[in-house]
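Chemist: Let me give you the structure first, and then I'll get to my questions.
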């Protein structure tokens, strides 16, 4: 994790909503820097697991009754990282509603100065070629529309306001409320070796698609860079520079674990459109961040 950006920002506390595999890694990184962390999970068993790791945690289950949610301790933190998952595979369609609830409570509490939403590069589904943060999205798919609505809810938090003194004078102190969306590519890292997806022998599709992935270490690094940035909000892609086909990558993953070569759908061998490549150029330049695992083929060879 290497960010060359220099910031004078003093970060005292961070709340992580939906502190799972990625959030836990972020929490440990922040705690190592003596930053106060409060994490949430949706049930008591998971919060107890976090506490056993030395992470302060409380239950927060969404959707929730708004007035009750407004009083949750997570909204007393200086920075808020929203790491809840959309759960599309479970048939959920209320992701944007949950994010909107969190943003509303953050506004009511008026303690949160910064929100970072961990979104997904799945927002680019339906597109082809090189896609960046300014591309027009294909909102015809429900999943994309829901992700976009959630992102917009967070970006609407981005505003500048003033504390008015009793005489309503013009020399009031400005309060910045900054919001960021980090569109993360597919996550790999500890306990998430892509070769393990092949253990059940399932057939893979889209062999000519380009993999868009990021290592957990770099995802945490980018979140930390956003927490410390002086940039006034925006959308950023979190993706490594690894641009090989899905077939090449999963063959390398299988080889790294001494597994049989994966099988691909034969009728999916030819693609009529250019493969989708998520661009990470803006993020690397704006945050002056250097990836630790930009080459995920090399990482495959190094993983135990």
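Chemist: In the range 128-155, what count of residues is obtained for those that are closer than 21 Å to residue 82 by Cβ and modelled with pLDDT under 95?
Modeler: Of the residues in the range 128-155, 1 are closer than 21 Å to residue 82 by Cβ and modelled with pLDDT under 95.
Chemist: Right, another one. When only residues in the range 218-242 that are part of a strand (DSSP E or B) and surrounded by fewer than 23 Cβ atoms within 10 Å (Cβ to Cβ) count, which is nearest to the chain's Cα centre (by Cα)?
Modeler: Among those that are part of a strand (DSSP E or B) and surrounded by fewer than 23 Cβ atoms within 10 Å (Cβ to Cβ), it is 235.
Chemist: Does any residue of the range 205-217 turn out to be over 19 Å from residue 154 (Cβ atoms), assigned to a helix (DSSP H, G or I) and modelled with pLDDT of 95 or more?
Modeler: Narrowing the range 205-217 to residues over 19 Å from residue 154 (Cβ atoms): 205-217.
Keeping just the survivors that are assigned to a helix (DSSP H, G or I) gives 216-217.
Filter again for modelled with pLDDT of 95 or more, leaving 216-217.
Yes: one or more hits.
Chemist: Quick one: which of 145, 150 is in contact (Cβ under 8 Å) with a residue 24 or more places away in the chain, touching a helix residue (DSSP H, G or I) at 6+ places or on another chain (Cβ under 9 Å), at negative phi and in a helix (DSSP H, G or I)?
Modeler: 150
Chemist: Related question: Going by the structure shown, is residue 67 exposed (fewer than 14 other Cβ atoms within 10 Å of the Cβ), part of a helix (DSSP H, G or I) and out of contact with any strand residue (DSSP E or B) (no Cβ under 9 Å at 6 or more places or on another chain)?
Modeler: So residue 67 fits the description; yes.
Chemist: In the range 260-297, what residues are modelled with pLDDT of 90 or more and in a strand (DSSP E or B)?
Modeler: Residues satisfying the conditions are 276, 277, 278, 289, 290.
Chemist: Tell me whether the range 46-53 contains one or more residues that are part of a loop (DSSP other than H, G, I, E, B), surrounded by fewer than 13 Cβ atoms within 10 Å (Cβ to Cβ) and at negative phi.
Modeler: Scanning the range 46-53 turns up no residue that is part of a loop (DSSP other than H, G, I, E, B), surrounded by fewer than 13 Cβ atoms within 10 Å (Cβ to Cβ) and at negative phi.
Chemist: Filter the range 85-103 for residues that are in contact with a helix residue (DSSP H, G or I) (Cβ under 6 Å, 6 or more places away or on another chain) and assigned to a loop (DSSP other than H, G, I, E, B) and give the result.
Modeler: Result: 86, single match.
Chemist: Would you tally the residues in the range 104-124 being over 20 Å from residue 143 (Cβ atoms) and either out of contact with any helix residue (DSSP H, G or I) (no Cβ under 6 Å at 6 or more places or on another chain) or assigned to a helix (DSSP H, G or I) (or both)?
Modeler: Looking only at that region, the number is 9.
Chemist: Suppose the filter is modelled with pLDDT under 95 and under 18 Å from residue 284 (Cβ atoms); does residue 231 pass it? Walk me through it before giving the result.
Modeler: Numbers: modelled with pLDDT under 95: yes; under 18 Å from residue 284 (Cβ atoms): yes.
Taking the combined requirement at face value, the residue satisfies it.
The values are calculated or read from the model by the stated rules, or taken from the named source; none is laboratory data. Being a predicted model, the structure only gives us computed values, none of them experimental. Every residue, glycine among them, receives a Cβ derived from its backbone with ideal geometry; neighbour counts consider all protein chains shown.
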